[in-house]
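So the structure is just underneath, and the comments pick up after that.
The values are calculated or read from the model by the stated rules, or taken from the named source; none is laboratory data. Nothing here was measured: the structure is a model prediction, and the numbers come from that model. Counting neighbours? That spans all protein chains shown, and the Cβs are built from the backbone with ideal geometry, glycine included.
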Amino acid sequence: MTTASPSNPRRDGDDPAAREKLVALRSALLRLHKTLIDMERRVYEKEFGVVNVGELFRLVVDHPQFAWLHNISEFVVRIDETLTGEAKVVPADAATAVALARKMFTPTAEGDAFQKKYFDAIQDDPNVVMEHGELARVFLSEDAPGGKEKNS
């Protein structure tokens with residue numbers, strides 16, 4: 001039997017396509033999260049000076065400037081729970097996660113607090129634009145023929 005690692009694209013009993021989508025979404029979110037942390041770190045360091053890795057970890061956990069990024073961490077944790085849980089991964093799991101991510105990562109100046117911060121990040125940092133593009137590829141793969149079932 002294969003292990004239930006969040007990064008493992010295969011596990012016995014899971015729907016292979018659904019699991020692969022969740023793993024791809026998780027990977028894209030982790031890269032985006034790191035890019036956003038790096039961006040916030042640069043902003044923080046301009047004002048307060050250079051921080052080491054330990055200080056950065058403390059800031060990411062406790063500092064208000066980084067608090068908006070907790071939503072991404074929580075999203076990844078939920079994906080990890082799905083990928084490692086006892087229940088088998090089914091197409092609905094992937095479809096729901098992608099739909100929620102698509103809603104959450106819609107950058108708009110008129111959206112919720114997270115969407116506004118994300119909109120600003122995309123305007124300010126080309127690295128965020130690149131990672132958003134990678135996340136959009138996951139969304140597009142969900143839209144591709146055979147990517148998800150359509151209810152008529």
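For the residues Ala136, Ala92, Ala121, Ala97, the requirement of being within 26 Å of Asn8 (Cα to Cα) and either touching a helix residue (DSSP H, G or I) at 6+ places or on another chain (Cβ under 7 Å) or acidic (Asp, Glu) (or both) singles out Ala97. Scanning region 19-42 for any residue that is farther than 17 Å from Val128 by Cα, loosely packed, with under 15 Cβ neighbours inside 10 Å, charged (D, E, K, R) and free of Cβ contacts under 8 Å to residues at least 24 places away in the same chain turns up nothing.
Counting just the residues of region 88-129 that are among the small types (Gly, Ala, Ser) and either under 15 Å from Lys34 (Cα atoms) or modelled with pLDDT under 95 (or both), which one comes out farthest from the chain's Cα centre (by Cα)? Explain how you work it out, then say what you get.
Start the filter on region 88-129 by keeping residues that are among the small types (Gly, Ala, Ser), which leaves 92, 94-95, 97, 99, 101, 109, 111, 113, 121.
Still in the running and either under 15 Å from Lys34 (Cα atoms) or modelled with pLDDT under 95 (or both): 109, 111, 113, 121.
Values: Ala109: 20, Gly111: 18, Ala113: 17, Ala121: 15 Å.
Result: Ala109.
Can we say Thr82 is under 18 Å from Leu29 (Cα atoms), under 15 Å from the mean Cα position of the chain (by Cα) and free of Cβ contacts under 8 Å to residues at least 40 places away in the same chain? Spell out how you get there, then give the answer.
Numbers: under 18 Å from Leu29 (Cα atoms): yes; under 15 Å from the mean Cα position of the chain (by Cα): yes; free of Cβ contacts under 8 Å to residues at least 40 places away in the same chain: no.
It is false that Thr82 is under 18 Å from Leu29 (Cα atoms), under 15 Å from the mean Cα position of the chain (by Cα) and free of Cβ contacts under 8 Å to residues at least 40 places away in the same chain.
Applying the criterion of being charged (D, E, K, R) and surrounded by 15 or more Cβ atoms within 10 Å (Cβ to Cβ) to the residues of region 130-140, the residue that is nearest to Leu36 (Cα to Cα) is Glu131.
Within region 2-33, the set of residues being among the hydroxyl-bearing types (Ser, Thr, Tyr), out of contact with any Lys or Arg (no Cβ under 7 Å at 6 or more places or on another chain) and modelled with pLDDT under 90 comprises Thr3, Ser5, Ser7.
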